[in-house]
Amino acid sequence: MQTQLSRRNVLLLSCGLALCSLAYELIFTQILGVLFGSQVTQYNLVVSLFTCFLGLGALLFPRSLLNRSELSVFVIVESVLFLIGFFAPFLIVWINSTSPLIASKLFSYTIISLVGFLSGFELPLMLRFLKNSQGSVLAYDYLGMVVATIAVPLLLFPFLGVGASSLFVAFSNLFLLFFVTIKEKWKIPLILIFIGLFIITYLYRFNINLLLTTFYLKGQL
């Protein structure tokens, strides 16, 4: 696997990863607001859990390197985040429709905490990839969060809806993972493949969101 990353790629990667992580939380907030009510309460709970476990992940990050390289940790973290982003919204709604409220809340907040915990590994990883430009890495990380807070409510939700937005962000996460780990000659085909995935997500956005709505309506019957 590719291990050498240019300064520009690390900075863009830091921005993209922060964007994806915060986007997941905004998507989960929207879903939980519908399922449990009180959007403000859910926003506060999600942000609190995300921030708490973000710090816990960063604190425990050095232990993850005891028997692994930085790149292998990166692959594990981003693979799990992709799976969460792809499946979690549908699982959250499905469990809400088939389980007691307390079980639904426990599962939902556990998912949010896990995303925060894994996201806590990302910034320390980027700082290790680019040890001499820590200020720049932090700046791009914060930039990614700003972009997420603007893009998710103003672009993704209006154009894709909640369910398709989650898949879009999950595919973005997967793209960043492959972009780091594959050889240079495969990057153009990779970009084309993911452009195709993004187009498919857009074209089938109504079907994706309908599936999410179907799970929700089953719980109301």
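Within the stretch 35-52, the only residue that satisfies the criterion of being in contact with a Gly (Cβ under 6 Å, 6 or more places away or on another chain) and over 14 Å from Ser108 (Cβ atoms) is Gln39. Within the stretch 112-158, if we keep just the residues that are among the charged types (D, E, K, R) and in contact with a Ser or Thr (Cβ under 8 Å, 6 or more places away or on another chain), the residue that is farthest from Ala170 (Cα to Cα) turns out to be Asp141.
Let's see how each residue does on (1) among the small types (Gly, Ala, Ser); (2) part of a helix (DSSP H, G or I); (3) in contact (Cβ under 8 Å) with a residue 24 or more places away in the chain; (4) surrounded by fewer than 20 Cβ atoms within 10 Å (Cβ to Cβ):
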residue: Val73; (1), (2), (3), (4): no, yes, yes, yes
residue: Val80; (1), (2), (3), (4): no, yes, yes, yes
residue: Phe90; (1), (2), (3), (4): no, yes, yes, yes
residue: Asn96; (1), (2), (3), (4): no, yes, yes, no
residue: Phe107; (1), (2), (3), (4): no, yes, no, yes
residue: Arg128; (1), (2), (3), (4): no, yes, yes, yes
residue: Asn132; (1), (2), (3), (4): no, no, no, yes
residue: Val137; (1), (2), (3), (4): no, yes, yes, no
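Residues checked against (1) closer than 21 Å to Phe215 by Cα; (2) at pLDDT below 90:
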{"site": "Leu71", "(1), (2)": "no, yes"}
{"site": "Glu78", "(1), (2)": "no, no"}
{"site": "Gly85", "(1), (2)": "yes, no"}
{"site": "Leu91", "(1), (2)": "yes, no"}
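Selection of the stretch 109-126 for residues being surrounded by 22 or more Cβ atoms within 10 Å (Cβ to Cβ) and of a type in the set (Gly, Ala, Ser) yields Gly116, Ser119, Gly120. Of everything listed in (1) within 19 Å of Ile208 (Cα to Cα); (2) touching an Asp or Glu at 6+ places or on another chain (Cβ under 6 Å), the single unmet condition for Leu17 is (1).
Inside the stretch 140-155, residues that are over 16 Å from the mean Cα position of the chain (by Cα) and touching a residue at least 40 places away in the same chain (Cβ under 8 Å) make up a count of 1. Checking each residue in the stretch 139-178 for being surrounded by 15 or more Cβ atoms within 10 Å (Cβ to Cβ) and among the small types (Gly, Ala, Ser) picks out Gly144, Ala148, Ala151, Gly161, Gly163, Ala164, Ser165, Ser166, Ala170, Ser172. The sole residue among Gly116, Gly163, Gly196 that is in a helix (DSSP H, G or I) and under 28 Å from Leu59 (Cβ atoms) is Gly116. Of the residues Arg63, Arg8, Arg68, the single one that is without any contact (Cβ under 8 Å) to a residue 40 or more places away in the chain and in a loop (DSSP other than H, G, I, E, B) is Arg68.
Note on the stretch 156-170: among residues that are in contact with a helix residue (DSSP H, G or I) (Cβ under 9 Å, 6 or more places away or on another chain) and without any contact (Cβ under 8 Å) to a residue 60 or more places away in the chain, the one that is nearest to Leu190 (Cα to Cα) is Phe168. Could you tell me whether any residue of the stretch 118-139 is under 13 Å from the mean Cα position of the chain (by Cα) and closer than 27 Å to Ile208 by Cα? So far as the stretch 118-139 goes, yes, one or more of its residues are under 13 Å from the mean Cα position of the chain (by Cα) and closer than 27 Å to Ile208 by Cα.
The values are calculated or read from the model by the stated rules, or taken from the named source; none is laboratory data. Everything numeric in this text was worked out from a predicted model, so none of it was measured. Note that each Cβ is placed from the backbone with ideal geometry, even for glycine, and that neighbours are counted across all protein chains shown.
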